[in-house]
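Each value in this text was obtained by applying a stated rule to the coordinates, not by laboratory testing. Here the structure is a predicted model, which means the values were calculated and not measured. Here the Cβ is made from the backbone with ideal geometry for all residues, glycine too, and neighbour counts use every protein chain on show.
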Amino acid sequence: MRSEFNTRVPWWAFLGVLLIVSLPGFAQASEPVDGQQRSSLKGPSQTENRILLDRAIGDTLFELEFMKPYYAWKDSLYEKYGYIYQADYYPIYLKASDSLPGTDSDAASAVFRFSGFWELLGRGGGSSTGTLVYLVEHRHRYTDNQPSAFALESLGAAGFIGIPYGDEGGDWHLTNLYWNHEWQNGFGIAAGFLDVTDWVDVYALTSPWTDFYNFVFSIGAATMDLPDDASLGIGAGGWLTDDVYLIAGFEDLNSDPTDPFEGFDTFWNDHEFFKHVELGWSGSGKEQYYLDNIHLTLWHADERDEIGVEDGWGAFLSFSHTVGKKWLLFARGGFAEDGGSLLEKSVSLGGGYAPNGIGAPGAGHLLGFGANWGVPNEAVFGSGLDDQYAMEVYFRLQVTKELAITPDVQLLINPALNPEEDTIWVFGLRARLAL
């Protein structure tokens with residue numbers, strides 16, 4: 001029998017109380033903790049990293065001088081109280097050259113995100129720090145089509161383009177709310193409502209918010225049976241040597257970001273988990289371990305009785321390397337055995353060119369390009385489907401510190417679920433406004 005806890009205490013009410021008591025005025029003022037105490041095994045899209053990376057953006061066309069007092073005020077909050085927040089708005093538009101009969105050839109939507117973190121323990125010194133991290137979203141559509149389902153439902157491709165850009169009925173969406181504890185020796189642990197893509201199979205161009213639109217160039221190249229956002233679970237990681245790290249965790253597979261407290265029931269009663277372990281090597285230092293990096297990720301997803309998905313497992317190998325100061329190249333591929341992943345085999349090759357130098361991932365001017373070969377998962381789509389291919393090129397233009405605009409072009413070849421078209425062009429335009 002399902003718990004009724006979520007009907008008595010809505011998650012947004014709990015979050016509201018949590019944020020009220022987390023106001024910076026209640027925190028003890030102290031000097032910021034030394035950077036070495038901050039665990040570096042977090043991807044560039046993880047809330048803390050994203051906010052801190054955005055503070056360092058310098059590669060822009062223009063600078064809005066009138067915004068400087070605002071940033072100085074935000075910096076003072078962080079320096080005095082260990083609290084900082086950010087608001088982001090992401091609109092996206094997709095247009096395809098062809099679509100399946102009876103479907104529209106375009107899709108548009110947007111996501112508002114509000115995130116922050118509050119360092120509650122260890123800011124005055126000591127061997128560890130404790131941080132409360134949160135991220136909430138509101139996802140809403142501009143067209144009848146949702147970009148998140150556009151490739152699958154309108155183009156007949158076994159994949160996603162713009163995977164975070166759904167609607168969810170206009171409900172608020174909890175992405176994460178968790179406690180992050182880190183030790184000075186490079187080990188850390190996170191527990192609560194997690195977004196596993198903040199840690200699993202991370203590389204510099206992994207984010208669908210700031211880099212590639214097509215999911216085959218993101219986490220697991222579409223071969224992992226990932227849980228949704230706000231997945232109740234625990235993850236841990238640390239540096240075994242100066243260059244070698246280990247990350248592992250398990251999370252609830254039945255999470256619902258619009259009703260996350262239901263996760264307490266599914267976690268303890270259903271026992272359907274996503275488990276993962278990753279062993280990696282980095283040659284670019286602990287603070288940006290996802291640049292020069294090679295890692296192997298192993299995962300297993302339990303059977304989900306309610307939605308009829310059998311258990312599955314897989315392995316993924318990723319290699320990325322910087323060349324000089326301006327180039328990043330990657331080769332990534334993996335396979336899945338059953339489960340609910342989109343692809344059962346996938347290989348992605350590509351790179352990025354930053355004219356002013358590879359700096360903070362997800363920020364600054366960058367040209368990204370990639371090609372993918374994928375085999376649709378028979379456990380999801382059935383047997384006898386053709387292999388499909390995708391190529392993508394995008395350019396992120398950092399107009400100001402606050403605004404980035406990213407046009408995108410993709411070519412889908414042999415979309416597996418579309419018997420009518422051998423090739424489909426997809427044109428996209430995405431913006432990011434961050435304050």
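For Ala157, the conditions (1) over 14 Å from Ala96 (Cβ atoms); (2) in contact (Cβ under 8 Å) with a residue 60 or more places away in the chain; (3) surrounded by 21 or more Cβ atoms within 10 Å (Cβ to Cβ) are fulfilled apart from (1).
Picking from residues in region 265-306 that are crowded, with 20+ Cβ neighbours inside 10 Å and part of a loop (DSSP other than H, G, I, E, B), the one that is nearest to the chain's Cα centre (by Cα) is Tyr290.
Against the test of being crowded, with 18+ Cβ neighbours inside 10 Å, farther than 14 Å from Thr210 by Cβ and in contact (Cβ under 8 Å) with a residue 24 or more places away in the chain, the options Leu343, Leu385, Leu435, Leu366 yield a single qualifying residue, Leu343. Criterion applied to Gly102, Gly122 was being more than 16 Å from the chain's Cα centre (by Cα) and without any contact (Cβ under 8 Å) to a residue 24 or more places away in the chain, and the one residue passing it is Gly102.
Please determine whether any residue of region 156-179 is part of a helix (DSSP H, G or I) and of a type in the set (D, E, K, R). Yes, some residue in region 156-179 is part of a helix (DSSP H, G or I) and of a type in the set (D, E, K, R).
Residues that are buried (at least 22 other Cβ atoms within 10 Å of the Cβ) and either within 12 Å of Asp211 (Cα to Cα) or in contact with a Phe, Trp or Tyr (Cβ under 9 Å, 6 or more places away or on another chain) (or both) within region 417-431 comprise Val426, Gly428, Arg430, listed in sequence order. Across region 65-98, the number of residues qualifying as without any contact (Cβ under 8 Å) to a residue 60 or more places away in the chain and not in a helix (DSSP H, G or I) comes to 3.
Residue-level check: of (1) closer than 28 Å to Gly186 by Cβ; (2) touching a helix residue (DSSP H, G or I) at 6+ places or on another chain (Cβ under 7 Å); (3) part of a strand (DSSP E or B), Gly352 misses just (2).
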